[in-house]
Amino acid sequence: MSSLSRWGLHAALLALLCCSESGEAAFEVHIWPERLVVENGGSRTVNCSTSCANPDTGGLETTLEKTLLEDQPRWKSFWISNVSWDAVLFCYFTCAGEQQSKSLNVSMYQFPKQIILQLQPVWVTLGKPFTIECRVSAVKPLESLTLTLLRGKETLHSQTFSGGATDPQEARVTFNSTASKEDGLLNFSCQAELDLRSRGGDILRNISENKVLQVYAPAGKPDGHHCHSRVGTAVLVCDVRPALLCLRPALAPEADGHLWGASCLAEAAPGLPGAAHVSCEATAMVAAGTQHGSSGSWSSPG
């Protein structure tokens with residue numbers, strides 16, 4: 001045999017040996033989904049599969065509760081239930097005496113179902129400070145949470161939290177402001193956003209009930225007197241101190257409509273220097289149509 005032929009046979013044997021060894025060890029293990037985030041107490045399906053034609057064994061290792069749904073030589077399906085903590089899953093298969101595995105991180109999340117918004121105080125003098133506080137409880141992961149304080153559609157303050165606690169945590173955000181006329185004309189609210197995209201989930205959002213800040217501008221010595229005009233479910237409040245100013249008209253929570261055209265009327269009380277007679281008037285656009293009313297007069301003793 002020529003040296004060229006011997007070299008060709010040697011090369012062929014080396015190639016066969018290489019391909020044979022790589023073929024035995026080149027099988028792959030797959031797990032689906034590749035990222036998994038589950039609500040606290042929730043359940044999901046996890047599939048394990050392999051490229052090995054005839055695997056010896058295969059399965060799923062986890063500290064979570066699991067149920068085998070489908071069992072085939074090259075793939076298996078499991079039901080993972082009652083997920084109440086973060087965990088790692090391992091899909092494994094053995095092929096020709098060698099074992100390969102693939103891991104999956106499971107993240108448990110808890111979204112705040114209740115968002116509590118508070119204004120302190122609820123009644124505030126124009127130009128005086130007030131505080132907006134938003135609070136949520138039992139949220140996880142905390143570092144994925146953003147709380148946003150809104151006045152109408154305007155963002156007043158937004159905070160994204162940090163931390164890596166394994167248990168659900170409470171979150172709170174506060175914002176100090178000075179009362180303006182605009183504050184009395186718009187609703188305040190708080191939006192909670194939990195961004196789970198990096199963990200294989202979506203963005204979850206929830207918003208609080210609207211809160212109204214009652215803003216007024218007193219003049220003279222505070223005496224605590226007001227008069228009220230009720231038009232249907234609408235209530236107008238007037239400040240009856242020497243210099244008269246209307247407070248923000250307010251609709252009762254159950255009202256279906258909008259209040260407009262509110263005014264306070266003042267008249268000098270004859271014979272009483274410095275005295276005043278005050279009445280409240282309001283026009284309300286409510287579900288039943290336009291209504292007008294005038295009531296709740298008050299007279300200053302002078």
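The values are calculated or read from the model by the stated rules, or taken from the named source; none is laboratory data. Given the structure is predicted, the values throughout are model-derived calculations rather than measurements. Every residue, glycine among them, receives a Cβ derived from its backbone with ideal geometry; neighbour counts consider all protein chains shown. We work out accessible area using only protein heavy atoms, side chains counted, and drop any ligands, DNA or RNA first. Shrake-Rupley method; radii C 1.70, N 1.55, O 1.52, S 1.80 Å.
Structure notes:
- Accessible surface, per residue, of the stretch 115-216 when the full set of protein chains is kept, probe 1.4 Å, Å²: 52 Å²
- With contacts taken as Cα pairs under 8 Å and at least 6 residues apart, the stretch 42-120 reaches a relative contact order of 30 percent.
- Solvent-accessible surface ranking, highest first, for Thr57, Thr148, Thr63, Thr45 at 1.4 angstrom: Thr63, Thr57, Thr45, Thr148
- What the phi angles of the stretch 63-70 give under the Karplus curve with 6.51, -1.76 and 1.60, with θ = phi - 60°, is a coupling list of 8, 7, 5, 9, 9, 6, 9, 9 Hz, glycine and proline written as x.
- Sequence-distant residues sharing a close amide H with Glu39 (under 5 Å, placed H): Tyr109
- Against the criterion of solvent-accessible heavy-atom surface with a 1.4 angstrom probe, Leu186, Leu156 sort, most first, into Leu186, Leu156.
- Over all distinct Cα-Cα pairs of the stretch 115-216, the Kirkwood formula returns a hydrodynamic radius of 14.3 Å.
- Model label sites at Ala96 and Ser180, defined 7 Å from Cα along the beta-carbon direction, differ in position by 7.4 nm.
- Mean separation of Cα pairs under 8 Å and 6 or more residues apart, divided by the residue count, gives the stretch 60-195 a relative contact order of 20 percent.
- In sequence order, calculated HN-Hα J values of the stretch 77-91 (Karplus, 6.51, -1.76, 1.60; Hz; x Gly/Pro): 10, 10, 9, 9, 10, 6, 6, 10, 7, 6, 8, 10, 9, 10, 8
- Compactness index (Cα Rg / 2.2 N^0.38 Å), the stretch 65-113: 1.47
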